[in-house]
Each structure stands twice: as C-alpha cells, then as structure tokens.
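What follows is one structure encoded as structure tokens, with my remarks underneath.
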Amino acid sequence: MTTTPAPFVRRHHWIVRLTHWATVIVLAGMIASGLQIYEAYARFGNRGGPYFVSPFDGTQFPHWSRLGGWLAGALNWHFALAWPLTAFGLLYLGYLVRSGEWRTLLFRPRDVRGALEMAKYYLHLRREHPPQGKHNPLQKLAYTGVIVLGGLAMLTGFAVYKPTQLAWLTALLGGFQAARYWHFWIVWIFVGFTITHVILVFAVDPASLRAMLTGWYRGRFPSHD
Amino acid sequence: MTERPTLRRYDAPLHGLDRRTFLRLGVTAGVGTLAAACGWDGGHLLRPGLLDISRVNDWVGEKILFSPTRLARTYSAAERSAMLPSYFISTTVPMLEDAGAWRLRVEGLVAQPLELSLDDLMRLPRVSYTVKHHCVEGWSAIASWHGVPVSAIVERCRPLKAARYISFASFDADYWNGWDMASAMHPQTILAYGMNDNRLPAAHGAPLRLYSPTKLGYKLTKYLVSMTFTDTRPGGYWEDQGYPWFGGI
C-alpha cells in the first residue's frame, strides 16, 4: 500500500521570506557592532555611579562576536545597518497590514485560553496537540512579542542616539543610561528568541524551514487559519 | 534492489561540484567572510561606503533632528556627578608656558578679526548651566560650565555671508574640530573658561574650551587658540579618522 504525501501548499509570500532572512543577516551585524560599541563603556550609569545592576558589568565580549574593529568603525556599521533593518521591518509590517496576514499572527486576548492549552501540551499535561491554524497561540505570542521588541529596539536606539533632540523619548525611557540599559537587554531577548525559534523549528516542524526558504510547505500543520 | 553507484554519480565530483558540495562550499565561504568581517571596519571595499552613509546620517542629524532653539535639559548643582573624566591627546596635560600671553584668535571669513584675552572674554555676556555630558563611548556625567556664548563672538567679528563653518584649533598637539554654523550659534554653545564654579582646570582644557550639551564630547575642542570661519567643511582630529562629523546628540 502506498501513501501519497500531502501536496505542497503556499505558505510564505516572498516579502515575508526576503524580510525574514535579510533581518537575520542585518540584525546579526547590528548585534555584533553593538557589542563592539559596548566595549567602550561596559556598564550603565553616570560616571561615579550609581550603576544599574547588570550581569555583564565590565564584560568584554569575545573578538569573534564583534564587528567594526574599533569604536568608530562599529558606530559606522551600526548606524548604516540601522537603515536596512528599519526598511525591512517597515516592508514586513506593511505587507502584514495590506495582506491581512496580521490576523494569523497577532496575539489577541481571545488567544489566552489556547495559549494555556498549548503550554499544557508542552508540559505534558495534555496528550494531543491542540488543533491550530497557521500558527498556534504560543507562536502568535512569540511573533507578536518579537515585533514589539523590534519597535522597542528602534525607540531605545533613537533615545541613545539623540538624547538632547529627542529628550522626551529619552526621558520616557528613564534617561540616557536607562535607554542604553534597555537597548542592551533587548539584544539578549532577541538572542533568546532566536535560539528557541531555531530549536523549535527542528524539533517540532522541520518542514517550516523549507517553507521559509521556498515559500512551499508540506508539513503537519495547516497553512491557513 | 540495491542501488549501485552509476558512472555519472561516481564521476561527478571529478568534473565539477555537485549541488550539495557547492552549497557546503558556499556556506563555508560565507561563514569565513563573516568571521573575517568581525573586528573589521569594512576594509578597502566597504569602509568608503560606510563613511558615505555616515555623511547621510550627519545630514539627517544636522538638517532634520537638530533644532537651533531647543535647549538641553539643565540640572541643579547638587546633581553634579562625582567625577568627569578628562582627556587630551598629548602625552602630558597641555599647559601654556606664558598664560598671560594667551589670546583667542578669531579669523577667516570675518569682517572684524579679533584677538581676545581671557579678561576680554570675561567681560562679554556670560552663560552658565549645569548639563549632562555625553561621551561617544557611552558614558555620561553631569557638570556645570560657564563662559561666553559663541553667538556673542559672532556678533562682534561679523562673519561674511560665505562663512558656513567654524574650525576650532587647540594647543593640544594637532587636536581640532570643525563645526556647522547653526550648532555654533545654539544658545548653549559657549567658550567655557569655568567649570563647577571654578576656573577651568588644566585637565579640562584651560584656559578656554568649547562646550555644548548638544554635541558629543569629542566635538568640544579644549585648549583653544583660534576659531576660523570658512566656507568649506573642516574635518577634525577624530572626524578624519572615521568618527561621525556632526556628532550631535
């Protein structure tokens, strides 16, 4: 007896695939140049203190993780890469809005119950995988969160870049050193998200990797809501 | 039926790369390039492009984000930081041999060139404020400064229409900075002869330094000897090495 495999279905528009992989590359450059910039003053707080509590106080990150060679080089990389990162981010958001695809992605209050069921499944408190559309509620929470995080990265970045001209923004974030602090923490949330994301792709749905590359999906989950 | 390697499959690696090997090589080359790029300021290929983009960012900072009237937040004297690091590029603190003979030369594209002593400067309008100092390295510190606004000097030397920039020179080796006129005319841009209610200390640029809370520290020339009005954009000590020219915050 032969089983015919499920047909391929279109899952990701080219804008989604382009902005996804472009963001991987550009964000890596932003983080690497950011770590080189961090080297110049590896703590948070006005000179003479008090300083913010940080596990990376005084840490120099390994040479391979830094981009730019020295502070000026890193600044130029960072401020140059900020343009494509913002452009890809806006292109992606524009696509989500125009295509209506935001509906399959945005975590809304009605997703809370489903998120709890998903959490139960992962914690082995329920046996069968809850039914889902293109994304399950926990995925929606993660993807909505990472988009918000991108916005916060940009806002905290501007607050550090122009603390006098954009004083209102810097003040809103708690001041210049606080904005630096949040800007730095956002990096580790991004890194944590990426590690989790990659692990889940391979552990739960490896077919989704091909879908993000070619646009076509043949896996265990539905491709539309 | 067991599959045997066909001649074609067997020969393929000898004649060219199969798809998988090609991909593997591509990924290796990509990773290698990235690895080489780390700790890398762009090299001969990318550095000029990065500097061009930096000039675009200067333009955005100067023409869009900078406001000639918006004042930086001021603080109370009680909020001063415990310390404010000083720096100079000479090997020892730059000092004048004859402080009494020191004059600030105001020259270039001006109707009235000037030579001002410290006493002359102290007789001019005085501005004092307590503001936050932002270093390009990421540190900040609050301190008080007093001195004469650059706009008061401009009023007296009357720059020609063609003058669009000011080049500030120092006696700290070859340290210097170029400024746009709008930043120089900002009400909080001063030639400071005092810090934290005292005379400007030698470590911070005595007898006279440029100060403004709208610029990063490296734009604030210390140990001033002259300000020259020009029609072409001057560089600067760090700016010529790749730091952003505008340096506005």
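All of the numbers you see were taken from the coordinates with simple rules; none came from a lab. Please read these numbers as outputs of a predicted model, since none were measured by experiment. Please note: Cβ atoms are built from the backbone with ideal geometry, for glycine as well, and neighbour counts cover all protein chains shown.
Brief remarks follow.
- Set of lysines with alpha-carbon distance to B:Lys215 below 30 Å, sequence-local pairs under 8 removed: A:Lys162, B:Lys63, B:Lys132, B:Lys161
- Modelled this way, with points 7 Å down the Cα-to-C-beta line, the labels at B:Leu45 and A:Val148 are 4.1 nm from one another.
- Protection proxy ranking of B:147-154, B:225-232, A:172-179 - average other beta-carbon atoms within 10 Å, highest first: B:147-154, A:172-179, B:225-232
- Nearest-ten-degree value, helix A:14-39 long axis tilted from longest Cα axis of chain A: 30 degrees
- Inter-centroid distance (Cα atoms) of region A:25-72 relative to region B:222-249, Å: 26 Å
- Amide hydrogen neighbours beyond the local backbone of B:Gly108, cut-off 5 Å, H modeled: B:Phe229
- When you restrict to C-alpha pairs under 8 Å that are six or more residues apart and normalise by the size of region A:109-213, the relative contact order lands at 18 percent.
- Given chain A, longest segment not containing exposed loop trypsin sites (Lys or Arg not before Pro) (DSSP; at most 13 other Cβ within 10 Å): A:1-125
- FRET efficiency, B:Thr69 to A:Trp70 (Cβ-Cβ, R0 45 Å, nearest 0.05): 0.80
- For A:Gln165, residues with placed amide H under 5 Å, excluding near neighbours: none
- Straight-distance crosslink candidates among aspartates and glutamates, where the alpha carbon sits under 13 Å from A:Lys134 and sequence neighbours closer than 8 are dropped: A:Glu101, A:Asp205, A:Asp225
- FRET E, pair A:Val97, A:Trp21, Förster distance 22 Å, beta-carbon r, rounded to 0.05: 0.55
- Fewest neighbouring Cβ atoms within 10 Å first, the residues A:Thr194, A:Thr170 line up as A:Thr194, A:Thr170.
- Near B:Tyr165, the amide H atoms lying under 5 Å from its own belong to B:Thr230; only residues 5 or more places off or on other chains count, and H is placed 1.01 Å from N.
- Modelled FRET efficiency - R0 60 Å, B:Ser151 with A:Thr214, Cβ distances, 0.05 increments: 0.45
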